[in-house]
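Contents: one structure, followed by commentary.
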Amino acid sequence: MQYLGVNYNLKHVPALDPEFIPFGVWTDAYLKGAKHPIAIAVERDKGHVSVRHTFIHGTAEMAEADYRYVERYVKFLLWSIGGFRVSVCGCSEIAQQLKAAYTAEGVRFFDYDFFQKLYERELEILDLPLNACPEANESPRPIGGHMDGCRIGFDAGGSDRKVSAVIDGECVYSEEVVWHPKTQADPQYQFEGILDSFRTAASKMPRVDGIGVSSAGVFIGNAPMISSLFIKVPRSRWDEVKTIYDRAAAEIGNVPVVVANDGDVTALAGAMGMGCGSIMGIAMGTSEAVGYVDKDKNVLGWISELAFAPVDLNEEAMADEWSTDIGVGCKYFSQDAVIKLAPKAGIELDPALTPAEKLKAVQELMEQDDPRAQAIFETIGIYLAYTVVLYSKFYDVHHLMVLGRVMSGKGGETILANCNLVLQDEFPALFDKIQVMLPDEKTRRVGQSVAAASLPDIG
């Protein structure tokens, strides 16, 4: 197989998506002939800088491949790490191309706008010589795992909110309430729902010593800077959003409150359940949600919004409607992946159904051992295996937990089996290093809201 002058091999071509070009596999092949060193530095809040050293070919013949590699590499770094300043060091021509792409009028206008809103400052692309590359300044920090005292754990989902009252690590009360935050333009709706859950949990304990929150979105401190829960709230009222969890907690009392991304809390639940670190969680539901804790059970301070990071280089890949880019994770590891593959498998889904209902319809066929549905979940399993190759270049993963609605039933079992089959056959070293699995029973018992309760250090 060849793409942009680079020959690469796939032993397991996905039957329903034969044009799939896994970014990680292609990268390995591309780098075999690349000798010109470059560096990419990404700066985010509090002076934190992540630096990656790599290579390009640097020849006229490989100019298109060089740009494609660096452009996708930078895109991946932004959506995994986050940042407001990207220094491209040692390849001036490519740096200038990226400068033009990351503007309000450029092809990466969505990314430019997203990170500008996230950090409340303009996203910059700097063109620097290799010897002027900024120094790395990483700051992993512990996350949760505190069990002492009377704690509230809150999990803010898009369709329901869960709250637990936890005393010395034991859940004494839990409830789940349906709500509709994504349709509400007035943030008072979300505030009242959050506060109601906090008050319910507080009423089940003699006191409240701390509050932990697991929530969709990207946070700076406890402030949601970007979150689907507040997607309808106008930016003019975003100050109310940024303080929403702190304000609700203040109604309960003067106690520590910690808010964390729901993906990281998923990884934390895994770490608490298994008693180890180097865990990545991938939740395949409405979209793809990812979290990670390192070997010391620390979070990296990265955003890990891999739903919008590239996994497929096929230039005819399906576009994500929101971010406008093609080949990004949310179209491969979510209900959208099942829906996009259904017609290729010969399954006609009623257009009147919601996406969740379409997923359910395919899953029902899968429970009946329908070979068409089987092909869909086998394809997603192959997607996952080749993407493990990619993710392992950026995260030190020893345990990969896959969960979410897409992983339910026989479909989830098929995804898991096919992922492990490909890894064992084609990437035996990764297969030996990374355990790809469903959450074990201990992790399930911990649960998202209970893991959230462990976030604040009340000491």
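Just so it is clear, none of the values below were taken in a lab; they were calculated from the coordinates. Small disclaimer: the values here were computed from a predicted structure and weren't measured. Because the Cβ atoms are built from the backbone with ideal geometry, glycine has one as well, and the counts that use them run over all protein chains shown.
Tally the DSSP beta bridges in the chain and give the antiparallel ones as a percent, rounded to 5. Numbers along the way, then the final one.
Details: 45 of 69 bridges.
Percentage antiparallel, nearest 5: 65.
Round to the nearest 10 and give me the degree value, 0 to 90, for the angle of helix 92-101's Cα axis relative to the longest principal axis of the chain.
50 degrees
Exactly which trypsin sites (Lys or Arg not before Pro) in segment 189-265 are in a DSSP loop and have at most 16 other Cβ atoms within 10 Å?
Here the trypsin sites (Lys or Arg not before Pro) that fit, given the DSSP loop and packing criteria, are ARG207, LYS232.
Name the residues whose placed amide hydrogens come within less than 5 Å of the amide hydrogen of ARG85, ignoring near sequence neighbours (fewer than 5 apart) on the same chain.
GLU43, GLU124
When DSSP beta bridges are limited to those with both residues in segment 141-266, what percentage is antiparallel, rounded to the nearest 5?
Counting DSSP beta bridges with both partners in segment 141-266, the antiparallel share is about 60 percent.
Within a Cβ distance under 15 Å of LEU455, other residues only, what is the Lys/Arg minus Asp/Glu net charge?
Around LEU455, the charge tally is -3.
Considering Cα pairs under 8 angstrom that are at least six residues apart, work out the relative contact order of segment 141-266 and quote it in whole percent.
Relative contact order, segment 141-266: 27 percent.
If I histogram all Cα-Cα distances within segment 141-266 using bins 10 Å wide from 0, what percent of pairs lands in each bin?
Taking all Cα pairs of segment 141-266, the binned fractions are 13, 49, 32, 6, 0 percent.
May I ask you to list the GluC sites (Glu not before Pro) in segment 42-74 that are in a DSSP loop and have at most 13 other Cβ atoms within 10 Å of their Cβ?
GLU61
Could you tell me the extents of the chain's C-alpha atoms along the three principal axes, largest first, rounded to whole Å?
Rounded to whole Å, the extents work out to 71, 57, 42 Å.
As a footprinting exposure proxy, order TYR73, TYR173 by other Cβ within 10 Å, with the fewest listed first.
On the way: TYR73 21, TYR173 14.
Ascending Cβ contact count within 10 Å gives the list TYR173, TYR73.
Setting aside same-chain residues fewer than 8 positions from LYS32, which lysines have a Cα under 25 Å from its Cα?
LYS11, LYS75, LYS393, LYS433
Please work through the chain and write down the cysteines that have no neighbouring cysteine Cβ at a distance under 4.7 Å.
Within the chain, the cysteines lacking a partner Cβ under 4.7 Å are CYS91, CYS150, CYS171, CYS276, CYS330, CYS419.
Under 5 Å between amide H atoms, partner at least 5 residues away or on a different chain: which partners does ASP312 have, H built in plane at 1.01 Å?
Here the answer is PHE23, since their amide H atoms fall under 5 Å of that of ASP312.
Which net charge results for the neighbourhood of ILE347, defined as the other residues with beta-carbon distances under 12 angstrom from its beta-carbon, given Lys and Arg at +1 and Asp and Glu at -1? Kindly include the intermediate steps, with their values, before the conclusion.
Working: positive: LYS340, LYS344, LYS358, ARG372; negative: GLU348, ASP350, GLU364, ASP370.
In short, 0.
Just list whichever of LYS232/LYS360; LYS232/LYS344; LYS232/LYS358; LYS331/LYS410 have alpha carbons separated by over 29 Å in the model shown.
Where the Cα-Cα span goes over 29 Å, the pairs concerned are LYS232/LYS344.
Taking the Cβ of ARG161 as the centre, find all other residues whose Cβ is under 14 Å away and add up their charges (Lys, Arg: +1; Asp, Glu: -1).
Residues near ARG161 contribute -4 overall.
How far is helix 262-274 tilted off the main Cα axis of the chain, in degrees rounded to 10, range 0 to 90?
On a 0 to 90 degree scale, this one is about 80.
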